[in-house]
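Structure first, commentary second.
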Amino acid sequence: MNSGKLRQKHHQADFCVVGAGLAGMCAAVAAARHGLRVVLMHDRPLPGGNASPEIRMWIWGARGPNNRETGIIEELLLENRYRNPLRNYSLWGSILYEIVRFQENITLLLNCSCNGLEMDGDRIRSITGWQTTTQTWHTVEAGLFADCSGDSILAPLSGAIFHHGREAAGQFGESVAPAEASPMTMGMSLLLQPRQTTGPQPFIPPKWAKKFPGDDDLSHRDHDLGNGDWMWNNFWWIEAGGDRDCIHDAEEIRDELLRCLLGVWDHIKNQGKHQSENWMLDWFGFLPGKRESRRYQGDYLINQNDVLSGGQFDDVVAYGGWPMDDHHPGGLMHPGQPSKLYHAPSPWKIPYRALYSCNVPNLMFAGRNISASHVAFSSSRVMATCAIIGQAVGTAAAIAVPEGLTPRQVGQQHITRLQQMLMEDDCFLPGLRREIPALSRDATLAASEGDPEPLRNGVDRPVGDEQNGWTGPLGAWVQYTFEHLKPLRRLRLVFDSDLNRPQTSMLCKYPLNIEPAGVPSTLVRAFRVEALDCQGRWNVLLREDNNHHRLFTHPLDAQAMALRFYPETTWGAEKATVFAWDVE
């Protein structure tokens, strides 16, 4: 006989992450790869947040030469280019899913909405979520928590201090802030994606679709399918809700956005001339992408002046570089420009002190909810920036938990260690250099041609006029020679993934002839590493025939008098470029 009680399951973890957008995913993966037991709780059936197949926002980040974000986010994007050249969103969703589902040390709870929390004094003891698919209550007890939910669900549950809306210009001396504070935010967007066909495609709108009779009703919103620049327009401007509560009014706003979206497509197809005869509505969302709601208060709150100064923080753990991009709260109903862009330097440094709660000692956060004013947030909110912030938070957790430290104590006692761990994992930190392992630093470094010394300068990408790498023809070699026979335990290489390739990772429309987006031609595809033994013989220690990663690490168990690296093929480039080669 069934007792009628709902199932309850308890999880014990080192680190619990709420929200599996790109920030939460990167936080969870970083912590798990550094040995923590992680539970990742997400309220949707797929991870990815605004980048997921449910929403399909583009992953934007820092602008400018060689400023692309690397680390886990670059790993994901390169995997997508390798396996999904036609940019199918279902395949992209599977790539997002697998990195968290099959990562050792992560317990993934999808379709699980966090709605309860237990405190132990001023610390979070556990959280509880309801998983709709299994009708199970999941309680997660952990030493450290990270809120990457975007809406900061742990803030009202824990009493963590947070902010909402727009600060007055006088509060932080921000020149582009409004004169008076306001509860208004940026709105939410609902996207559509059209597909070109070989013949005419009619569209019959539902009766409840909103009407946009003339082009004046969509002023400042580019919607001509024949416009070549439209390839870069993913309809982000179908936006609403900034003049309301984007959390509590979300269902009402979603309904309005659906009416507007179908009305926009009706206008494109049936009102005026938009070169749309052979285009069909292939997909549109039912889950809006949200830009702004609650923002936490950390030990420091970033403001416009910090952004404009380049973020001169000693505790830098990430960086931004998107303009200060402030959307009008009225969204599509605002007749003027949908957003205002204000200059932000790229890159500008993001401090660790803005990534943990000022009053809940074991609570961190990453994503669009970090400790920033509305104006500063308008630059830091884009997803590639959120992803590297997430990796910083997960890496900090990997320091805090084994040492029994709070996030604040990590910043006070181990900030240099945290920065070095991030750079080791291929996260660029402007102005800092990665420490070179002693074995590589003390060895004699030579190359068959070219100068190999930049390989051990601690900067793993071009910066300004400095290339910070070695470039040579295929078949050339770079060699470390040691004073005597040395044990080898690990190899680390950083290849050129073309940091200046187009930012957009997916398509917003599907023309008849889609140009595939493959692995960057600059990446080294095949290479070998040879070791010199005591008898003067060169032996192949490692061979890789199908590399498509920027960061390549490999454990070793060998001894050698010298070590040579040979690039054999790339994905198309005539020469090979390497930014780092470490042996330890």
Out of (1) among the acidic types (Asp, Glu); (2) more than 27 Å from residue 65 (Cβ to Cβ); (3) in a loop (DSSP other than H, G, I, E, B), the odd one out for residue 530 is which? (3)
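Does residue 492 satisfy being in a strand (DSSP E or B), surrounded by 13 or more Cβ atoms within 10 Å (Cβ to Cβ), in contact with a strand residue (DSSP E or B) (Cβ under 8 Å, 6 or more places away or on another chain) and of a type in the set (Lys, Arg)?
On the way: in a strand (DSSP E or B): yes; surrounded by 13 or more Cβ atoms within 10 Å (Cβ to Cβ): yes; in contact with a strand residue (DSSP E or B) (Cβ under 8 Å, 6 or more places away or on another chain): yes; of a type in the set (Lys, Arg): yes.
When the stated conditions are applied, residue 492 passes them.
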Give me a count of the residues in the range 142-160 that are β-branched (Val, Ile, Thr) and under 21 Å from residue 378 (Cβ atoms). 0
Taking interchain pairs and intrachain pairs at least six residues apart, which have beta carbon atoms under 7 angstrom, with the first residue in the range 161-178 and within 25 Å of residue 361 (Cα to Cα) and assigned to a strand (DSSP E or B) and the second of a type in the set (Phe, Trp, Tyr) and modelled with pLDDT of 95 or more? 162/296
Looking for whichever is modelled with pLDDT of 95 or more, among the aromatic types (Phe, Trp, Tyr) and in contact with a Ser or Thr (Cβ under 7 Å, 6 or more places away or on another chain) here; the options are 162, 203. Which one fits? 162
Tell me which of these residue 314 doesn't satisfy, since it passes every other one: (1) free of Cβ contacts under 8 Å to residues at least 24 places away in the same chain; (2) closer than 30 Å to residue 372 by Cα; (3) surrounded by fewer than 16 Cβ atoms within 10 Å (Cβ to Cβ). (1)
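Can you tell me how many residues in the range 235-254 are acidic (Asp, Glu) and closer than 13 Å to residue 285 by Cβ? Working first, answer last.
Going through the range 235-254, the residues acidic (Asp, Glu) turn out to be 239, 243, 245, 249, 251-252.
With the extra rule that they be closer than 13 Å to residue 285 by Cβ, the set shrinks to 239.
The total comes to 1.
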Yes or no: the range 543-555 includes at least one residue that is under 17 Å from residue 493 (Cα atoms), aromatic (Phe, Trp, Tyr) and either in contact with a Pro (Cβ under 6 Å, 6 or more places away or on another chain) or surrounded by 22 or more Cβ atoms within 10 Å (Cβ to Cβ) (or both). no
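Residues in the range 430-454 that are out of contact with any helix residue (DSSP H, G or I) (no Cβ under 7 Å at 6 or more places or on another chain) and closer than 16 Å to residue 492 by Cβ: how many?
Pass one, the range 430-454, residues out of contact with any helix residue (DSSP H, G or I) (no Cβ under 7 Å at 6 or more places or on another chain): 430-431, 433, 437-439, 442-444, 446-454.
Checking the rest, the ones that are also closer than 16 Å to residue 492 by Cβ come to 433, 437-439, 443, 452, 454.
Looking only at that region, the number is 7.
Looking only at residues that are among the aliphatic types (A, V, I, L, M) and assigned to a strand (DSSP E or B) in the range 114-160, which one is farthest from residue 27 (Cα to Cα)? Please lay out each step first, then the result.
If we filter the range 114-160 for residues that are among the aliphatic types (A, V, I, L, M), which is where we start, we get 117, 119, 124, 127, 140, 142, 144, 146, 153-155, 157, 160.
Subset that is assigned to a strand (DSSP E or B): 117, 119, 124, 127, 140, 142, 144, 146.
On the way: 117: 21, 119: 23, 124: 18, 127: 18, 140: 17, 142: 15, 144: 12, 146: 8 Å.
Looking at residues that are among the aliphatic types (A, V, I, L, M) and assigned to a strand (DSSP E or B), I get 119.
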Enumerate the pairs (first residue in the range 461-476 and closer than 30 Å to residue 346 by Cα and not assigned by TED's automatic domain parsing to the domain that holds residue 65; second residue anywhere and surrounded by fewer than 17 Cβ atoms within 10 Å (Cβ to Cβ) and basic (Lys, Arg)) with beta-carbon separation below 6 Å, excluding pairs fewer than 6 apart on the same chain, so at least 6 apart or on different chains. 471/575
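Output the residue which, of all residues in the range 6-62 that are assigned to a loop (DSSP other than H, G, I, E, B) and of a type in the set (D, E, K, R), is nearest to residue 383 (Cα to Cα).
Let us first name the residues in the range 6-62 that are assigned to a loop (DSSP other than H, G, I, E, B), namely 6, 19-20, 34-37, 42-47, 52-62.
So of that shortlist, the ones also of a type in the set (D, E, K, R) come out as 37, 43-44, 54, 56.
Details: 37: 25, 43: 18, 44: 18, 54: 15, 56: 12 Å.
Taking the candidates together, the pick is 56.
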When residue 224 is run through (1) part of a loop (DSSP other than H, G, I, E, B); (2) within 25 Å of residue 249 (Cα to Cα), the failure sits at (2)
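The values are calculated or read from the model by the stated rules, or taken from the named source; none is laboratory data. Values in this document were obtained by computation on a predicted structure and should not be read as measured data. Here the Cβ is made from the backbone with ideal geometry for all residues, glycine too, and neighbour counts use every protein chain on show.
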